[in-house]
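Written below as C-alpha cells is the structure these notes are about.
Here, each number is a calculation from the coordinates, and none is a lab measurement. Every value quoted in this text rests on a predicted model; they were computed, and no experiment measured them. Note that we place each Cβ from the backbone using ideal geometry, even for glycine, and neighbour counts take in every protein chain shown.
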Amino acid sequence: MSILFRQFGLSSKLAAGLLAGASLAACSSPSTPATDASGTATTTDSTQTAAPVAPANSPLQVVAQFREPQMVGVAVLPDGRVFADFPRWDNNPVNPIAEVMPDGSVKGYPDADWCAWNETVKNEPQKHWICPQSVHADKTGMLWVLDPASPGIKGTVPGGPKLVKIDPKTDKVVQNISIPESVASRKSYLNDVRIDTQNQYAYITESGVGSLVVVDLKSGKARKLLAGHSTMMGDTTLNIKADGKELLDPTGKRAQFNADGIALSQDMQYLYWKPLTSYTLFRIKTEALRNPALTDAQLAAQIEDLGKVPASDGMEIDAQNNLYLSAFEDHSIKRRTPAGKIETVVQDPRLEWPDTFAFSGDGKTLYVTTSAIHKTPTWNKGIGKQDQPYYIFKMALK
C-alpha cells in the first residue's frame with residue numbers, strides 16, 4: 001500500500017488537531033450507512049465532476065464505499081469479516097482501524113481506546129493507533145496492524161512505530177512489537193507487512209528511507225536491511241502518470257515512492273517487492289532475510305531482478321503463485337503468472353489508484369481498495385480533487 005510524501009506542511013485540520021492539541025475523536029459505535037468513516041455525514045460537492053461509473057461488464061462488486069476520510073488498506077478473515085484502515089494523512093479519522101460491517105457501516109477496532117489519539121494519550125504512543133498504514137490477515141486468521149506512527153507523513157512520533165497482532169476471536173491485542181528508532185527512524189514510513197507463519201517472522205517494506213524491515217516474532221527483535229539500496233528506491237526518471245497526468249508535487253518535483261508493494265510466496269520461501277515509482281519487480285529468498293550473519297552486500301547479491309511489470313501500489317500472491325499488481329496508471333488490476341506473463345484481470349475507471357489487496361478465506365475472491373492518491377492536494381498544487389468515493393471492491397477469480 002502506498003504513502004503520500006508531503007512537500008509542504010500538514011493540512012490545517014490535521015495540524016490543528018495534532019500540533020495545537022485539539023482532541024482527535026475516539027472510536028465510535030458503528031456508524032450508519034449515511035455517515036462516512038470519520039462519522040461525518042456524506043455529501044457530494046456539486047462543483048466537482050461526476051465520479052466514474054461502472055462498465056456494464058465489470059466483475060467488481062462494491063463491498064463498501066466512503067466519501068472520506070481516505071482509506072488505503074483492507075484485510076479479510078477466513079470467516080468473511082472485513083477490516084479497513086484510514087491513516088491520519090489529510091484527515092482525522094474517527095476509526096483509523098475499523099471493521100466494515102455487512103451494511104457498509106464501520107466500527108472502530110479493536111476498541112475506542114486504541115482508536116483515540118489526542119493530548120490525553122500522547123504519552124502512550126504504543127497503545128494507540130497514530131497513523132496505521134496496513135491491516136493484514138495471516139494464514140492462521142490472526143489480524144496484524146502496522147503503524148508507522150507518522151501523522152501526515154511528517155515524521156514519526158517517538159515510541160510510536162509498531163506491529164500489533166490481534167486475535168479476532170477475542171478482539172484483543174495479543175502481541176505488540178515496538179519498532180525502535182534505530183530501525184524506524186524519524187524519517188521512516190513503515191508501509192506494508194507480510195507474516196511468515198511457518199518461521200514466525202514479519203517482513204515489512206519501509207518507504208521513507210527505502211528499506212526492508214525484518215521482525216523475529218518470537219523475540220520481537222527488528223532489523224533494518226538494504227536501506228537506500230537501488231532496489232528499494234523509487235525512480236524519478238520514468239514520467240509515471242495517473243489519469244494521464246504526471247505526478248508532480250507543488251514544487252514541480254516528480255513523485256518518488258520507495259519500497260512499497262510486498263508479497264510472500266505461498267510456500268513462504270520468497271519475498272517479492274517493488275518501489276511504487278518503478279517498473280521493476282524484485283524478490284529474495286526469505287531464508288537470507290532471516291540470517292542475521294549476512295551483510296547488506298551479501299543480501300544484495302541474492303536479489304533477483306524479475307524484469308518489467310506495471311507501476312503498481314499493492315501486491316498479493318494467490319494459491320497458484322500468480323502475483324496480482326494494482327496498476328494505477330491505467331485503472332486496472334494486472335496479474336503476473338509464474339512464467340512471467342503479464343495479464344489484465346480487470347480494467348475499470350472506478351479503480352482510481354487501486355491500492356491494497358486481500359483474498360477471501362477460500363482464495364476464490366479478490367478484494368481491493370481504491371485510495372485516489374493522485375487526486376490529493378500533494379499532487380494537485382495543494383488543492384484536493386477527490387470527486388469519488390473510496391471503495392472496497394471484490395471480484396470472483398477465474
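Worth pointing out:
- Vicinal HN-Hα couplings computed from phi for the stretch 283-300 (Karplus, 6.51 cos²θ - 1.76 cosθ + 1.60; Hz; Gly/Pro x): 8, 8, 5, 5, 4, 5, 5, 7, 8, x, 7, 7, 7, 4, 5, 5, 5, 4
- Under the Karplus curve 6.51 cos²θ - 1.76 cosθ + 1.60, θ = phi - 60°, whole-Hz ³J(HN,Hα) for the stretch 382-398, x wherever Gly or Pro sits: x, 10, x, 10, 5, 10, 10, x, 8, 10, 10, 9, 9, 8, 6, 8, 9
- Debye equation applied to the C-alpha atoms of the stretch 90-214, log10 I(q)/I(0) at 0.12, 0.14, 0.22, 0.23 Å⁻¹: -0.42, -0.58, -1.39, -1.48
- Expected-Rg normalisation [2.2 N^0.38 Å, Cα atoms] applied to the stretch 312-392: 1.18
- (1) 32, 28, 20; (2) 27, 25, 22; (3) 43, 21, 19, with the label sought being that of the calculated semi-axes √(5λ) of the Cα gyration tensor in Å: (2)
- Near I262, the amide H atoms lying under 5 Å from its own belong to M315; only residues 5 or more places off or on other chains count, and H is placed 1.01 Å from N.
- Values of log10 I(q)/I(0), in the order q = 0.15, 0.27, 0.28 Å⁻¹, for the stretch 290-356 under a Debye, Cα-only, solvent-free model: -0.58, -1.10, -1.15
- Cross-link partners of K308 among aspartates and glutamates, defined as those whose alpha carbon lies under 15 angstrom from its own and excluding same-chain residues fewer than eight positions apart: D235, E329, E343.
- Contact order relative to length of the chain, as percent, for alpha carbon pairs under 8 angstrom and 6 or more apart: 16
- Hull shadow area, averaged, the stretch 227-312 [alpha-carbon convex hull, nm²]: 6.6
- Cα centre as origin, Lys/Arg/Asp/Glu Cβ charges: the stretch 212-337 dipole, Debye: 260
- Per the Debye formula on identical point scatterers at the alpha carbon atoms of the stretch 148-235, with no solvent, log10 I(q)/I(0) at q = 0.11, 0.21, 0.22 Å⁻¹ is -0.30, -1.01, -1.09.
- Reachable lysines from K169, criterion Cα separation under 17 angstrom, eight or more residues apart if same chain: K107, K139
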